[in-house]
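The values are calculated or read from the model by the stated rules, or taken from the named source; none is laboratory data. In this text, all values refer to a predicted model and were calculated from it rather than measured experimentally. Note: ideal-geometry Cβ built from the backbone for every residue, glycine included; neighbour counts use all protein chains shown.
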Amino acid sequence: MNIIRIGIEQCGKHKDWTQIVNSAVMDAEDHTVIEFEKGTYYFSPKYAYEQHCYITNNDHSQKRIAFPILHKKGLTIDGNGSTFIFIGRILPFYISESKDIVIKHLEMDYKRPLYSQGKVLASDTDKVQLKIDSNKFPYHVVRNHFVFTGDGYESTYVHGMLEFDPIERKPVYGAKDNHVGGELKGHEIEEGVIEINHPFRKLPNVGNILTIKHERRFVPGIAIDHTEGIDLNQVTIRQAGTMGIVAQYSKDIQLDHIVVAVDEHSDRMVSTNADATHFVGCKGYLTITNSRFENQLDDALNVHGNYLDIEEILDEKTVIAKIGHFQQVGIFGLEKGTSIQILNRDSMLNHKVLPLQDKQIINNQYVKLMFEEPLDLAPDKAYSLEDMDAYPVLTFKNNIVRKNRARGILLTSRKPILIEGNTLTSEGTAIKISGDTNHWHESGPVGEVVIKNNYIACMNEDVWGKGIIDIDPEMVAFEAGKYYHDTILIEGNTIELWNRPLVYGQSFKKLSLMHNTFIKKLPESAITMDIKAYGEIIEEGSIYKLERSQDE
């Protein structure tokens, strides 16, 4: 075991640790521990290692990287309780084609968060006035639109805006997404006071905080690619430009005592600009325990595979397939010999399963796939395909999910899924079990899902989902007696039914509701809503309370 120690004195008066850390990481031999003296370390993109990265559900681009962990084996990064501050558009950790990597005992943050916020001073039709701290959230105005700036970059693009409660640091009750998708128009009234001119879906209330998401999906916190054996332990992520942690086509991942949340001593509202964690095409085990996910602008967890569309039939055994979403290009998986399911794109049901003989990548969007057996494809029908082996055994246990926009956890894996002992109180749907071939192309008909001994509630009204649990694969055609999802057991949970039904959805074989306690306002008949194309629903041993007890 080699040990490389990094201490405060090594940087002298320089406060940019990027080159020192780049060198230490890239020169490290197998089975090395890079150990930091406890302190605060700053990382700038100016002299950082750079490469083009394809990261799932992000925008591919040239990225400057603070910790480029490439082709490493047995490397440990031990922060010893240090704080790493990242400056500008720098990707903190990129782990690729490595094995047995440990990152532990550190906190990550950005000097200038990759979003902005301001206090609402006035609110009227199509215009809102904000008081904004231009030191923390710098901006200027050009030709009646806002330009948000950071160290070495500026952004004229605004994705959207969302109203937050400044005390609870979560979306206000009844909040709506205010999509922009381009320049945000307005002007500066005086220094630190701006007026936004935009048609709001719901005007924010005076005194609340309006958050402005003005970054595309450039820099997640920790990105993991084609790596086996990842252990993230006692890692806190205060801010990231997209996901906090994102992994693709990797195997055996463990997260323990992870925190994605704003610092309670700061005045920030937003932790990560997208999901707290996101896993695509991963195998082996995926275990997330004893962690807390708050304040992010999207879901706490998303686990899925990817559907590819069959674009062209070359012959009875050969097709060209296309990656369907622009933020998934460059990432194929599909190893030789893996089991491939061909499915009808409209019904999302199985057409044929067969092993992949070989593949030839054409470019970052198209791949040629060869099979030993005929595919039996009808030229007048649309088909997609998936890698049936690219799913993990998922355990999500003893975690807290709260105060975030959107849903709690999204589950699409063919392997066993256990959701146990968690507090799931997101603003929208707490648990979503879906799949689609029309937008994100997220695959994964579930086999066996066990949801037990959790406290579950939706804290907002009818936004970001329809039920507390949505089982809603997005097919447009159904076949009698055939279902997309298999078996889902909901057992021993305490579930609040104040503002939406328990289950909404379609196309599942069996749903069992066993010995749950429902704290309800809705009638018992509203346990399910608009369920269609299902096999059976079993309910047994339910307890109904009008209000929660003091110890809940």
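Tabulated data for the structure shown
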{"quantity": "Selection status of Val33, outside any loop (DSSP other than H, G, I, E, B), under 25 Å from the mean Cα position of the chain (by Cα), of a type in the set (A, V, I, L, M, F, W, C) and surrounded by fewer than 21 Cβ atoms within 10 Å (Cβ to Cβ)", "calculated": "no"}
{"quantity": "Pair list, Cβ < 6 Å and 6+ apart or interchain, from the stretch 503-524 residues that are closer than 19 Å to Asn454 by Cβ to residues that are surrounded by 20 or more Cβ atoms within 10 Å (Cβ to Cβ) and of a type in the set (Asp, Glu)", "calculated": "Tyr504/Asp470; Gly505/Asp470; Gly505/Asp472; Ile519/Glu496"}
{"quantity": "Residues of the stretch 268-293 that turn out to be in contact with a Leu (Cβ under 9 Å, 6 or more places away or on another chain) and assigned to a strand (DSSP E or B), as a count", "calculated": "10"}
{"quantity": "Subset tally (residues that are out of contact with any helix residue (DSSP H, G or I) (no Cβ under 9 Å at 6 or more places or on another chain), crowded, with 20+ Cβ neighbours inside 10 Å and under 22 Å from Gln341 (Cβ atoms)) for the stretch 284-307", "calculated": "6"}
{"quantity": "Filter pass, Asp486 being touching a strand residue (DSSP E or B) at 6+ places or on another chain (Cβ under 8 Å), within 30 Å of Gly281 (Cα to Cα) and surrounded by 24 or more Cβ atoms within 10 Å (Cβ to Cβ)", "calculated": "no"}
{"quantity": "Where a residue in the stretch 476-487 is in the same structural domain as Pro445 (by TED's automatic domain parsing) and its partner, wherever it lies, is part of a loop (DSSP other than H, G, I, E, B) and exposed (fewer than 10 other Cβ atoms within 10 Å of the Cβ), with Cβ under 6 Å and at least six apart", "calculated": "none"}
{"quantity": "Residue within the stretch 230-250 that is at pLDDT 95 or above, among the charged types (D, E, K, R) and farther than 19 Å from Met108 by Cβ present", "calculated": "no"}
{"quantity": "Filter result (in contact with a Ser or Thr (Cβ under 9 Å, 6 or more places away or on another chain) and part of a strand (DSSP E or B)) within the stretch 52-64", "calculated": "His52, Cys53, Arg64"}
{"quantity": "The stretch 272-295, residues that are among the hydrophobic types (A, V, I, L, M, F, W, C), under 22 Å from Val262 (Cα atoms) and over 13 Å from the mean Cα position of the chain (by Cα)", "calculated": "Ile288"}
{"quantity": "Residue check, Ser123 closer than 27 Å to Glu163 by Cα, touching a strand residue (DSSP E or B) at 6+ places or on another chain (Cβ under 9 Å) and either in the same structural domain as Pro45 (by TED's automatic domain parsing) or not in a loop (DSSP other than H, G, I, E, B) (or both)", "calculated": "yes"}
{"quantity": "Checklist (1) surrounded by 22 or more Cβ atoms within 10 Å (Cβ to Cβ); (2) within 27 Å of the chain's Cα centre (by Cα) applied to Leu70, failing item", "calculated": "(1)"}
{"quantity": "Strands (runs of 3 or more DSSP E) contained in the stretch 165-238 and holding at least 3 residues surrounded by fewer than 18 Cβ atoms within 10 Å (Cβ to Cβ) and out of contact with any Gly (no Cβ under 8 Å at 6 or more places or on another chain)", "calculated": "186-190, 228-237"}
{"quantity": "Of the criteria (1) in contact with a His (Cβ under 7 Å, 6 or more places away or on another chain); (2) in a loop (DSSP other than H, G, I, E, B), which one Gly81 fails", "calculated": "(2)"}
{"quantity": "Qualifying residue in the stretch 421-430 (condition: among the hydrophobic types (A, V, I, L, M, F, W, C) and closer than 26 Å to Asp346 by Cβ)", "calculated": "no"}
{"quantity": "Enumeration of residues in the stretch 73-95 that are more than 19 Å from the chain's Cα centre (by Cα) and more than 20 Å from Ser44 (Cβ to Cβ)", "calculated": "Lys73, Gly74, Leu75, Thr76, Asp78, Asn80, Gly81"}
